[in-house]
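Trainee: I have a structure here, written as structure tokens, and I will follow up with some questions on it.
What follows is calculated from the coordinates using simple rules that are stated; it is not laboratory data. Only a predicted model underlies this, so the values are computations on that prediction, with no experimental measurement involved. We place every Cβ from the backbone using ideal geometry, glycine too, and count neighbours over all the protein chains shown.
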Amino acid sequence: MSELFHNLGIDWKLLLSQAVNFGLLIIALRAFAYKPLVALLNERRAKIEEGLTKAKEADVRLGEANLLAKTRVKEAEEEALLILKNTEYEAKTLEGTLAAKAHEKEAVMMREAEERAKAKGAEVEAAFAKETVAIVRAALVKTVELSPDAVDEALIKKAVVAVKHAP
Amino acid sequence: MPGVFPRALATEGRTETTQETGGVHISLRAEEIFHIGSFGATNSLVLSTLVFLLLAGTAFFGRKKYALIPGKIQNIAELLIEGILDVMDSVLGDRKKSEKYLPLVGTIFLFVLSSNWLGLFPGVGSLVVRGVETAPLFRAPAADLNFTLALAIVTVVAVNVLGAAAIGAGAHLGKFFNFKNPVMFFIGILEFVSEFARMVSFSFRLFGNVFAGEVLLTIVGFLVPYLVPLPFLFLEIFVGFIQALIFSMLTLVFVGIAIAEHGEEAHERQTVHG
């Protein structure tokens with residue numbers, strides 16, 4: 001057995017030193033390579049996963065926002081259209097009422113003007129009548145003042161002058 | 001028990017141990033280069049220590065530059081680790097487990113791969129020192145049984161320790177020593193013996209392949225020094241990778257078996273608890 005080991009070059013001291021070498025390498029690589037690198041790999045994977053989920057979330061949010069914006073715009077457009085229609089309608093009705101009112105007012109004014117004109121006419125007539133009465137009275141008074149025996153011509157002339165100078 | 005098989009090898013080994021035929025120097029043993037006290041350091045140990053220093057040093061001095069955005073060296077290291085982890089996932093089926101057993105499996109792969117490839121470097125085998133004996137300064141570490149056997153022993157022990165840690169020492173020992181019925185008892189004994197067979201097969205597979213490669217390259221290089229050894233060099237690069245892969249994959253599979261609860265027992269326990 002020992003001869004076999006000797007022939008194969010197996011020596012427990014060498015065996016031990018090789019085993020120690022290997023054990024030390026395991027410890028060294030575990031401490032300096034595997035642990036930190038695996039931690040880094042996992043960290044990076046976590047970060048990438050996080051980034052991807054965030055991107056997905058952002059996409060969904062963006063889609064929602066776009067949809068919301070579209071519906072809002074549509075709503076606003078509809079609303080605007082409605083407002084416009086309403087305004088148009090209101091304007092038309094207002095126009096109608098305003099026109100009617102204007103007509104009414106016009107009519108009223110016309111009537112008033114007519115009435116006023118009529119009143120003025122009546123006033124003028126009255127004043128004219130008054131004046132005529134006064135003139136006639138004055139003329140009569142003058143005529144009465146003159147004797148009927150006086151020359152008719154002069155009488156008439158005087159009467160005419162009196163009438164002319166009458167206020 | 002281990003008498004029949006190795007004795008045949010021993011007689012063969014004796015005739016092959018050292019042959020000097022017209023300048024070709026082939027030694028089954030690693031040669032001693034220098035002494036530290038009574039400890040004779042061999043050329044194989046020198047190179048394996050060099051590999052150790054190279055790997056550990058790279059990791060040690062590279063660790064300060066680790067960052068979330070990797071540099072070149074970190075990129076390569078991450079690629080390697082990711083690759084190993086992916087392979088481990090396919091066997092263990094769980095990333096957490098893969099990360100837990102990465103140090104053992106990954107180190108075996110890296111250590112054996114670096115050793116094999118460094119063993120192919122020019123200068124390994126051709127740089128000769130005249131110290132204790134006239135011998136090459138470097139020798140591929142795996143071309144020395146001490147290296148492969150040490151790796152195999154550490155691996156098999158580690159697999160058993162990891163198995164015991166994962167499912168409990170009692171459950172783990174129960175795989176080997178089962179007194180429930182005679183059939184299970186003999187299966188357990190076979191399992192126990194197979195642990196030692198694993199050490200032997202691990203060590204001799206790696207040693208045989210690398211040593212054969214060394215011999216092949218030496219002889220081809222001796223016969224036709226130019227161009228002709230080139231395909232063989234490529235072959236040995238490939239073999240070096242394959243052997244590292246086989247060693248680490250087998251370790252991975254053994255770990256996977258060791259940390260899994262024994263099929264029947266686990267089933268029984270489940271039915272008892274359920």
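Trainee: Rounded, prolate or oblate: pick one for chain B, where a ≥ b ≥ c are the square roots of the eigenvalues of its C-alpha gyration tensor, a/c under 1.5 means rounded, and failing that, prolate if a/b is larger than b/c, else oblate.
Mentor: It comes out oblate by the Cα gyration axes.
Trainee: May I pose another question? Just from its helices, what would the mean residue ellipticity at 222 nm be for chain A, if runs of 4 or more DSSP H residues each count -39500 (n - 2.57) and the sum is divided by every residue, rounded to the nearest 500 deg cm²/dmol?
Mentor: One gets -33000 deg cm²/dmol as the mean residue ellipticity at 222 nm.
Trainee: Output the relative contact order of chain B, whole-number percent, from Cα pairs under 8 angstrom with separation of 6+ residues.
Mentor: Relative CO of chain B lands at 21 percent.
Trainee: Please determine, in degrees from 0 to 90 and to the nearest 10, the orientation of helix A:35-145 with respect to the longest principal axis defined by the Cα atoms of chain A, where the helix direction is its Cα long axis.
Mentor: With both axes taken from Cα atoms, the answer is about 0 degrees.
Trainee: Relative contact order for the range B:45-191 using alpha-carbon pairs under 8 Å, separation at least 6, rounded to a whole percent?
Mentor: Worked out over the range B:45-191, it gives 18 percent.
Trainee: With a ≥ b ≥ c taken as the square roots of the eigenvalues of the C-alpha gyration tensor of the protein assembly as shown, please select rounded if a/c is under 1.5 and otherwise prolate if a/b is larger than b/c or oblate if it is not?
Mentor: It comes out prolate by the Cα gyration axes.
Trainee: Another one. Loop only per DSSP, at most 12 neighbouring Cβ atoms within 10 Å: give me the chymotrypsin sites (Phe, Trp or Tyr not before Pro) in the range B:233-262, ordered by residue number.
Mentor: Listed in order of number, the matching sites amount to none.
Trainee: Here's something else I'd like to know. Rank these for me by crowding, A:Ser2, B:Ser194, going from fewest to most other beta carbons within 10 Å.
Mentor: A:Ser2, B:Ser194
Trainee: Only Cα pairs within less than 10 Å get springs; with that Gaussian network setup on chain B, which residue of B:Met88, B:Met184, B:Met249 has the largest fluctuation?
Mentor: The residue with the greatest mean-square fluctuation here is B:Met184.
Trainee: At a Förster radius of 30 Å, what calculated FRET efficiency corresponds to the Cβ-Cβ distance of B:Val253 and A:Glu49, to the nearest 0.05?
Mentor: 0.45
Trainee: Would you calculate a helix-derived [θ] at 222 nm for chain B, using -39,500 (n - 2.57) for each DSSP H run of n ≥ 4 and dividing by the full residue count, to the nearest 500?
Mentor: So the calculated ellipticity at 222 nm is -24000 deg cm²/dmol.
Trainee: Compute the helix-to-body angle for A:12-29: its Cα long axis versus the longest principal axis of chain A, expressed 0 to 90° and rounded to tens.
Mentor: The two axes meet at around 0 degrees.
Trainee: Anyone know which of A:Lys54, A:Lys85, A:Lys35 comes out most mobile in the 10 Å Cα GNM of chain A?
Mentor: Residue with maximal mean-square fluctuation among A:Lys54, A:Lys85, A:Lys35: A:Lys35.
Trainee: With a length cut of 27 Å (Cα positions projected on each helix's long axis) and a Kyte-Doolittle mean of at least 1.6, go through chain B and give me the DSSP H helices that pass.
Mentor: Counting only whole DSSP H runs, the qualifying helices are B:43-62, B:145-167, B:229-259.
Trainee: I would also like to ask the following. Could you give the angle, 0 to 90 degrees to the nearest 10, between helix A:152-165's Cα long axis and the longest principal axis of the Cα atoms of chain A?
Mentor: Long axis of A:152-165 versus the principal axis of chain A: about 20 degrees.
Trainee: Filter the cross-link list B:Lys72/B:Lys100; B:Lys97/B:Lys180; A:Lys47/B:Lys97; A:Lys13/B:Lys97; A:Lys56/B:Lys97; A:Lys47/B:Lys72 down to pairs whose alpha-carbon distance in this structure exceeds 28 Å.
Mentor: B:Lys97/B:Lys180; A:Lys13/B:Lys97; A:Lys56/B:Lys97
Trainee: May I ask which residue of B:Leu118, B:Phe241, B:Val154 lies farthest towards the positive end of the charge dipole of the range B:30-273, with charges of +1 (Lys, Arg) and -1 (Asp, Glu) on Cβ and the Cα centre as origin?
Mentor: Ranked along the dipole, the leading option is B:Leu118.
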